[in-house]
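What follows is one structure encoded as structure tokens, with my remarks underneath.
Here, each number is a calculation from the coordinates, and none is a lab measurement. The model shown is predicted, which means the values in this text are computed figures rather than measured ones. Virtual Cβ from ideal backbone geometry, glycine too; neighbours counted across all protein chains shown.
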Amino acid sequence: MMEEKPQPHMTYHRSKTVAVMFLFLFLFAVLMGRMVYLMVFRSEYYTMRAKELHERERSIKAARGRIIDANGRILADNRTVCTISVIHSQIEDAEEVIAVLCRELGLSDEYVRKRVEKYSSIEKIKSNVDKSVGDAIRACDLPGVKVDEDYRRYYPCGSLGSKVLGFTGGDNQGIIGLEVVYEDYLKGQNGTILTVTDAKGVEVDAEGEERVEPVAGRDLYISMDMNIQSYATQLALQTLETKEADSVSIIVMNPNNGELLAMVNVPEFDLNDPYTLPEPDRAAEAAETADGAETGQEQETEDASEQDRLNAMWRNGCINDTYEPGSTFKIVTAAAGLESGAVSVTDTFHCPGYIMVEDRRIRCHKIAGHGAEDFVQATMNSCNPVFITVGLRIGAERFYSYFERFGLLKKTGIDLPGEAGTIMHRLEDIGPVELATMSFGQSFQITPIQLMVTAASIVNGGVRVTPHFGIRAVGTGGADEEAFCYPVQENIVSAQTSETMRYILEKVVSEGGGKNGAIEGYRIGGKTATSQTLPRSSGRYIASFLAFAPADDPQIMAMAIINNPQGSYYGGQIAAPVVRQLFENILPYLENMDYNKK
Amino acid sequence: MAERNRTRRRQHNSENFMDYSLLFIVLFLLGFGMIMVYSTSSYEANLTYGDSAYYLKKQIFATILGLIAMMVVANIPYHFWERFAVIGYIVSVVLIFLIIPFGHESHGAKRWLYIGPISLQPAEVAKLCMILFLASMICTMGKQIRHNKGFWMVLLVPMPIALMLWQITRNLSSAIIVVGIAALMLFVACPDYKRFVLLALAGIAGAALVVYASVHMAASQAGETEGMGFRFERILAWLDPEAYASGKGFQTIQALYAIGSGGILGKGLGSSMQKLGFLPEAQNDMIFSIICEELGLFGGFAVIIMFVMLIWRFMVIANNAPDLFGALLVVGVLGHVAIQVILNIAVVTNTIPNTGISLPFISYGGSSVMFLLIEIGLVLSVARGIRLKDL
């Protein structure tokens, strides 16, 4: 057969076979080029994409920084809680795991069994477990059971300073208060555990895990003194009860540098349980009768109103709400009058019990009138006609420019969220009547903290400070310490005017309308106020008293604001005693603390 | 020269050539293949069968059978097979038709026949039989092949098989290989270049047209997943695999992640991440991507160089074959191996659209290895016809 068909094996067969070889060599070269492109130039991209595919990320929560008061007392801390999970593929003895978890966590056998036997990469059994329970489970050393530690915010002082400190949400992020403002300092940096897993999410042991350690947040040191805060809260609560007021606020500040030592807004709420509304109480009832006609609509907006009620509960009246300051604002009018030369201490006036401004007859609170009095006496008497006269003498334009100079048109810049702005007439709208009412603190609205800071700048020698709580942030082991600086504006008023104002305001307390605020052995300056809230017909009043000590060299300033008290509503009668009691306690304390002699 | 060939064939076997280089390269590729099959399959085999060497054992069994068959074939003078050329063609057709009633489905494709415990891919049989049939046919035609009639005859004869492979077994790549083998054998058998250049140009133009048409169709049918558009999804997935990452582009994307993340030096033997379920059945068609991931660019190049050496040995044997029949047999095997390697690597590196094709000697697959080894046996048999002093 082979012999029958001799086939010539020609040269061209050979050259063609070589051509085929070269064709394939060329194609191989193309493919090798493609491989170089993929494995050298695109390697980084594909490696990154593959890594994303292979790695599962678990985050390690960073411990949030603590909040620490002026005495080193911890106001906000972290409590370690545990999350218990099971990893199906690593469980060796399922029955034992179920038994231990049921026993330690107090869960039903059925509930645990379902989760243990479920085929998943990781199954959470229970979170927010006490550390002691977590430790007990860890001590059993069961393969496949993971105990992850986590942090939960804890406030040792409960409701004290709740509206100032604020609280945190589910991801440990600040919701209100200082927790929000200092979020960046407090929160720290979460760490991560990167584990390499196969396509089903089962960890590949050989690859190990990559850990990025969390960085704990920095501790925040604040100027609040929990002893003062605590006592002020007691006083406020007591006043709230006895005067059946809607709310009572007390602010204590160092007028020279703006450090706030206390800020109370009762009713406060429990920081460890911030989402529980108070039992329907008198305030709610009052609100209900006021909105009686709208009960039908309330049903529909149940959820919205729940959130509204929570927001109302968390609201910090000292900075979030504005009010007509009333007579305490006469401090500003007096300072503007003295500074502008519109009035001098020795000027004498006559108060007939009213004053005519254009066609309006504006009454003094003393209907019979104060008769003849000089400017100091007029301030002691809180005489409206005299202050209207002074206001009119200053004139709208100058008065407005003093408003601006004293910083009343800007926010104070306090380190708390949601500060309300001033509600003021525009300059061109200020006629004699508006000017007259402004002179004794009506027809415009400011926040309590704004009044406090303005008063402080008038009595401290003319320095407008920025009110604040935050003093410094300190990282773990003293690292990363950062002291906070706050802007200061000098020469708000002259030293002369400031001294005169201190003298006049001391007289108000020692002999005038603020004598309920006097304490034997201490020189105290201050001013009372009783303002009617809008609408004027409501019969609701705000009684307040602002005081500082020592009167000749103010080191401490406090203000009490009683919102809608029942019965007597005069600031001199109900607010001044609150500040007096506060000062009686804290002035000796502050001397002990050597706080004043910095 | 014809004279010399005839005299050489009469020489005693002991003076003849045994191509140990070829044998060594094949054994190396087989050994390397088994290491890689174990590396790529052990994780999944352990999860699925509780035996990490499950696939390796089956592969070793098939390889031993294949090596025995290779040695038998190598010791039979290759002209012995010439008489079976026509029968082989018919057997191929029958086997492919048997797929319709008896085919075993695996991975969504009906490509296997089970004869007792042995699985058989008719496509592999068809490739071998086609090489044999064409070699015999071209030799019978003699100088007729230079005419157009002979030329088209050779091209048309494999077409029924190719069409059946494509349509019945849904195995486009095997069909391409069959046609490719035929074209190469024809190319070697014909003295001219012109017709082949025209044929190649026509082929390239046709491919370009299909790509253009599919892109155009997809654009005009945007939003429609059914209809004509989805037939071309494979081509669209080739052009932008990440856009089809959850469908047709999935395997390609996973292979690219494996190759790209291997980098120049690789992650080290056994350290592939992609084989842990991300690239399903990594031991099959996509094994080259895991080789690249574990052994890097150098490993990948080494494998290609081994194949180049194998093809070079084929070329040497073909050019020294005692007669045209032997030479054409070797050219056919050369074409088979080279086309399959190139297609496989091109698919794995997303150089061409994805089509299921295994890497010769390395990918897991019993019948593929067995028939390849039989083909090597044929080549060795041709090589034995070469006298040492002629080299």
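Table for the structure above
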read-out	value
Helix B:172-189 axis, angle to chain B major axis (alpha carbon atoms, nearest 10°)	30 degrees
For segment A:320-593: rounded, prolate or oblate by the Cα gyration tensor [a/c cutoff 1.5]	prolate
Zone residues, segment B:334-375, relative to B:Leu239, backbone N less than 15 Å from point 7 Å out along Cα-to-Cβ	B:352-354
Average beta-carbon neighbours from other chains, 10 Å sphere, peptide B:251-261	5
Least to most buried among A:Val345, A:Val390 (fewest other Cβ within 10 Å first)	A:Val345, A:Val390
Overall dimensions of the protein assembly as shown by Cα: Rg and Dmax, Å	47.3, 152
Residue among B:Gln121, B:Gln251, B:Gln144 with the largest mean-square fluctuation in a Gaussian network model of chain B, springs linking Cα atoms under 10 Å	B:Gln144
Fewest-first ranking of A:Thr195, A:Thr389, using other Cβ atoms within 10 Å as the exposure measure	A:Thr195, A:Thr389
Over segment A:541-580, equivalent-ellipsoid semi-axes from the Cα gyration tensor in Å	23, 8, 6
Positive minus negative residues near A:Thr333 (Lys, Arg vs Asp, Glu; Cβ under 12 Å)	+3
Angle in degrees between helix B:194-220 and the longest Cα principal axis of chain B, rounded to the nearest 10	10 degrees
Inter-label distance for A:Ala368 and A:Ala479, nm, one decimal - labels placed 7 Å from Cα along Cα-to-Cβ	7.4 nm
Calculated over segment B:2-390: convex hull of Cα atoms, volume per residue (Å³)	151 Å³
Proxy reagent accessibility, fewest Cβ within 10 Å first, across A:Val332, A:Val202	A:Val202, A:Val332
Pairs of lysines in segment A:58-222 (C-alpha under 22 Å apart; 8 or more residues apart or interchain)	19
Between segment A:348-383 and segment B:152-212, the alpha-carbon center distance in angstrom	115 Å
Between segment A:423-461 and segment B:330-389, the alpha-carbon center distance in angstrom	96 Å
Residue-wise HN-Hα coupling along segment B:67-75, computed from phi with Karplus coefficients 6.51, -1.76, 1.60 (Hz; x: Gly, Pro)	5, 4, 4, 4, 5, 4, 4, 4, 8
Where a label projected 7 Å from the Cα of B:Arg170 along Cα→Cβ would reach, residues of segment B:102-141 with amide N under 11 Å	B:105-111
Spin-label pair B:Ser106/A:Glu149, simplified geometry with 7 Å Cα→Cβ offset, distance in nm	5.3 nm
Within-14-Å neighbourhood charge of B:Ser173 [Cβ basis; K, R +1; D, E -1]	+2
Pairwise label distance in nanometres, B:Ile264 with A:Gln489, each label 7 Å out on the Cα-Cβ vector	6.5 nm
Cα long-axis angle, helix B:324-348 against chain B (0 to 90 degrees, to the nearest 10)	10 degrees
Segment B:Ile87-B:Arg146, extension gain: residue separation times 0.36 nm, minus the distance between their alpha carbons	18.6 nm
Normalised alpha carbon radius of gyration of segment A:1-133 [divisor 2.2 N^0.38 Å]	2.42
Average beta-carbon neighbours from other chains, 10 Å sphere, peptide B:316-323	4
Net charge of neighbours whose Cβ lies under 13 Å from the Cβ of B:Ala183, counting Lys and Arg as +1 and Asp and Glu as -1	+2
Förster-model FRET efficiency, 35 Å R0, A:Glu123 and B:Phe28, C-beta, rounded to 0.05	0.15
Test item: Cα-centred dipole of chain A, Lys/Arg +1 and Asp/Glu -1 on Cβ, debye	1400 debye
Per-residue mean of C-beta atoms belonging to partner chains within 10 Å, peptide B:182-189	3
Förster radius 30 Å - calculated FRET efficiency between A:Phe41 and B:Ser271 (Cβ-Cβ, nearest 0.05)	0.85
FRET efficiency estimate (nearest 0.05) - Cβ-Cβ, A:Leu53 to B:Met18, R0 35 angstrom	0.10
Relative packing of B:366-377, B:265-276, which averages over residues the other C-beta atoms within 10 Å, highest first	B:366-377, B:265-276
